[in-house]
Amino acid sequence: DASHCILLIGAKNSPIGLEGCSYCGFENCAEMVKAGANCAFNITDLGIAVGSAVSVAADNRIDNRVLFSAGKAAVRSGFMSETVRVCYGIPLATAILSPFFNFLFEFSEHIIKLILALIYNFNCNLMVICVRHIIPCRKSL
């Protein structure tokens, strides 16, 4: 409810076909496919893509969280292509407090606005840390 949208990133199960790899735990790719398992390289690539996506979002001050459950729901509901068997959902939001990680402190919106107003009015060089956000103090606020 608190997110503006959700980004879904999934990995197609397409074995790499490296001889002697066995990184997935099977003797070869044919055995892995026969068992219905996933190629370890595909899953590793998915992890890198998810990590990059949340990093870019965080760099742009967009709150996010990786959710296995959202990705699983997308796969089960047929929202993803049939070749995608592993997917993660990343809800995105912009708010004073992250709707995904606000369990450490319960700051009311009024207190945060008061703190920001005080900082703005005194033109200080302080930083207010609220849960995961660092809000720099600038006169241009």
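Assorted remarks:
- Pairwise label distance in nanometres, SER77 with ALA2, each label 7 Å out on the Cα-Cβ vector: 2.1
- Low-density loop cleavage sites - chymotrypsin sites (Phe, Trp or Tyr not before Pro) in region 1-63, where at most 14 other Cβ are within 10 Å (DSSP): TYR23
- The length gained by stretching the chain between ASN60 and ILE48 to full extension, at 0.36 nm per residue less their Cα-Cα distance, is 2.5 nm.
- Shown here for region 1-58: GluC sites (Glu not before Pro) in loop regions (DSSP other than H, G, I, E, B) with at most 16 other Cβ atoms within 10 Å, namely GLU19, GLU27.
- Per-selection Rg to Rh, region 1-76 - Cα, Kirkwood hydrodynamic radius: 1.09
Quick note: the coordinates plus some simple rules give every number you see, no bench work behind them. All of these numbers come straight from a predicted model, not from anything done at the bench. Methodologically, a virtual Cβ is constructed for each residue, glycine included, from the backbone with ideal geometry; neighbour enumeration extends over all protein chains shown.
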